[in-house]
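Below is one structure, written out as structure tokens; the observations come after it.
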Amino acid sequence: MNSTLKQLLPPILAPLVGLALWTLIVRVFSIPSYLLPSPQSVLTSISTSYPTLLYHASITFAEALAGFVLCIIVGILFSISFQLWPITRQSLYPYLVATRIAPIIAVAPFLLLWLGNGFFAKAATAAVVSTFFIVINLTKGFDEVSNGARELLRSLSATRFQILMKLQIPNSVPYFFSGIKAALATSIAGAVAAEFISSNSGLGHLILSNYYYFRTAEMFGALLVLIAGGVLIFGAISMIERIFFSHYSMRRES
Amino acid sequence: MIRLDDVTKTYHGVRSTVALRGIDLEIAEGEFLSIVGSSGCGKSTLLKIIGGLIAPTSGSRTISPHTKEGSFAFVFQDPILMRWRTARENVRLPLEIQGSVSQKEAGITSVFENLGLGGFENSYPSELSGGMQQRVGIARALISEPTTLLLDEPFASLDEITRERLNDELLQLWKSGATTVQNVVFVTHNIDEAVFLSDRVVILSGRPGEIQEVLTIDLPRERTAEIRYSEEFNSLRRKIRSMML
């Protein structure tokens, strides 16, 4: 009990200390609220405008999650094809890095141009930046099966497809989860980036429009909702992994 | 019956290595054969060639018609259990791959009983000791009803007591007729183990691996734990040891 309390205390106390410092700095240096609003005024803005915040959040998270699901589907298809048809891996894998190197904010205008200003273009932007993480991690999980395990399956005369299904895919489960956790973060970033460029709704739009009017407390409110939503989804993914896939994890055996 | 004639295996890397050279070997029906030699002498390679897992660079491998291809099963040093499968699901793997789950699934229970694994069906590998993990590895080899069992240093990473117990049990199981196994080929670097288990011991010299000697173990086939302390056992051990320089 005492030791769990000791473990829980620092992460609970740290933000409280941070908020206290923030309040103190704002008060002591009389910082104008358009530069740095006090935590209290951020809270007030959230509590008064939460229906608006929720509306915009639902749009952004719908875009991000659609992109997220899309990148998972596309990522899985690419990864499996890389295993079954090495030629696809040889020709495409090196260029996958390019999708990661290209700044999303520079890529998004093209997608908006081609796909229109709507929901799908934002989801596509989210997917384009995120697919990389799925493919990289899955490919690693598929590749990193032991030579012994491969040999065992060959001694059982397993086909290429059976090796994939019985060995490589289950082996890649923990890698897949690291991949989708990274992809979740970039999906949200992609959706917001696309909203920055062209949109009239969503949290990205909300941050940018408030920015033009120096409504900094509202900007903070939108940012906090963005973070809270992301953390919530992240937590849900971690929980699914822990509850349903614990035996796939790489704990040392015996 | 399995026969190797003038088998050579060369690995082509930065430098070519001759792993095996001029191997002539015949494994008779109903025989327990051990292959001993120091690390890196090519004994694992030889086992894989016997089992048809890798092809020789030159020379030939012949098996008699009733030693069907596909009736070989391997047990490796690392039991290579899949961490996401229970003991039972690990043993079912060969059946899933061969598409014979419905015919042979019922056999899993008796294989588990034979190997002293009863009650551990639903344990995950991480919950089993090294010895139990290797029992699961053997169960997985037996489930596909092989006629030839090929073991590659299966007990090398176990402690002495567990190793001896598993040796006893393996021998009992093989002789009991509870399994389909007729031949056993057993690779080890442990001389005691080889003498205790085998009808014949093949001594491989290292780099390149060549057969130095094939020794017939003329101990009574009824091998009890006591036999390990007999004079004959010791002299056979000494003889093999002196050849392994």
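For the stretch B:36-62, accessible area lost to neighbouring protein chains reaches 30 Å² or more, against the chain alone with a 1.4 Å probe, at B:LEU53.
Each part reduced to its alpha carbon centroid, the stretch B:107-122 and the stretch A:45-90 end up 45 Å apart. Along the Cα-to-Cβ line of B:SER110, 7 Å from the Cα, sits a label point; which residues in the stretch B:155-179 have backbone N less than 20 Å from it? Counting only backbone N, you get B:169-179. What separates the Cα centres of the stretch B:137-175 and the stretch A:193-254 is a distance of 53 Å. Compared with the dominant principal axis of the Cα atoms in chain B, helix B:160-176 is inclined by about 80°. Computed 3J(HN,Hα) for the stretch A:75-85, one whole-Hz value per residue from the Karplus formula 6.51 cos²θ - 1.76 cosθ + 1.60 where θ = phi - 60°, is x, 5, 4, 4, 4, 5, 5, 4, 7, 7, 10, glycine and proline marked x.
With all protein chains in place and a 1.4 Å probe, the accessible surface of the stretch A:121-251 carries 68 percent carbon and sulfur.
One decimal place: the segment A:VAL28-A:TRP114 gains 25.9 nm when fully extended, by the rule 0.36 nm per residue minus the C-alpha distance. In this Cβ point-charge picture (+1 for Lys and Arg, -1 for Asp and Glu), chain A has a dipole of about 500 debye about its Cα centre. Hey, quick one: spin label on A:THR99, modelled 7 Å out along Cα-Cβ, who in the stretch A:161-191 has an amide N within reach, i.e. under 13 Å? The answer is A:183, A:187. Computed from the C-beta positions of A:THR159 and B:VAL14 and an R0 of 35 Å, the FRET efficiency is 0.65 to the nearest 0.05.
For the chain pair A and B, the interface hides roughly 2100 square angstrom of accessible area in total, found with a 1.4 Å probe. Here the protein assembly as shown is treated with +1 on each Lys and Arg Cβ and -1 on each Asp and Glu Cβ, and its dipole about the Cα centre works out to around 1420 debye.
With the simple spin-label model, which puts each label point 7 Å out from Cα in the Cβ direction, the B:SER242 to A:HIS247 separation comes to 5.4 nm. Of the residues in the stretch A:215-254, those shielded by at least 10 Å² of accessible area once partner protein chains are present, compared with the chain alone at a 1.4 Å probe, are A:HIS247, A:TYR248, A:MET250, A:ARG251, A:GLU253, A:SER254.
Distance between the modelled labels on A:LYS140 and A:PHE196, one decimal in nanometres: 2.7 nm (7 Å Cα→Cβ projection). Charge tally around B:SER205: other residues with Cβ under 14 Å, Lys/Arg +1 each, Asp/Glu -1 each, net +2. The protection proxy used here, the mean number of other Cβ atoms lying within 10 Å of each residue, ranks peptides A:187-195, A:63-71 as follows, highest first: A:187-195, A:63-71.
Residue-wise HN-Hα couplings along the stretch A:2-9, as the Karplus relation 6.51 cos²θ - 1.76 cosθ + 1.60 with θ = phi - 60° gives them from phi, are 4, 6, 5, 4, 4, 6, 7, 4 Hz; Gly and Pro carry x. Take the alpha carbon gyration tensor of the stretch A:1-156, find the square roots of its eigenvalues, order them as a ≥ b ≥ c, and report rounded if a/c is under 1.5; if not, report prolate when a/b exceeds b/c, else oblate. Taking the square roots of the gyration eigenvalues as a ≥ b ≥ c, the stretch A:1-156 is oblate.
Relative contact order for chain A: what percent, with Cα pairs under 8 Å and sequence separation of 6 or more?
27 percent.
Accessible surface of the stretch B:81-145, 1.4 Å probe: 44 percent of it comes from carbon and sulfur atoms.
Calculated FRET efficiency, B:SER58 to B:GLU96, Cβ-Cβ distance, R0 = 25 Å: about 0.10 to the nearest 0.05. Per residue, chain B exposes 43 Å² of solvent-accessible protein surface, assessed with a 1.4 angstrom probe and all protein chains in place. Going from the chain on its own to the full set of protein chains, the stretch B:116-141 has these residues losing 20 Å² or more of accessible surface (heavy atoms, 1.4 Å probe, no ligands, DNA or RNA): B:TYR124, B:SER126, B:GLN133, B:ARG140.
The values are calculated or read from the model by the stated rules, or taken from the named source; none is laboratory data. Since we're looking at a predicted model, the values are computed, not measured. Note that each Cβ is placed from the backbone with ideal geometry, even for glycine, and that neighbours are counted across all protein chains shown. What goes into the accessible areas is simple: the full protein's heavy atoms, side chains included, and nothing from ligands, DNA or RNA. Shrake-Rupley method; radii C 1.70, N 1.55, O 1.52, S 1.80 Å.
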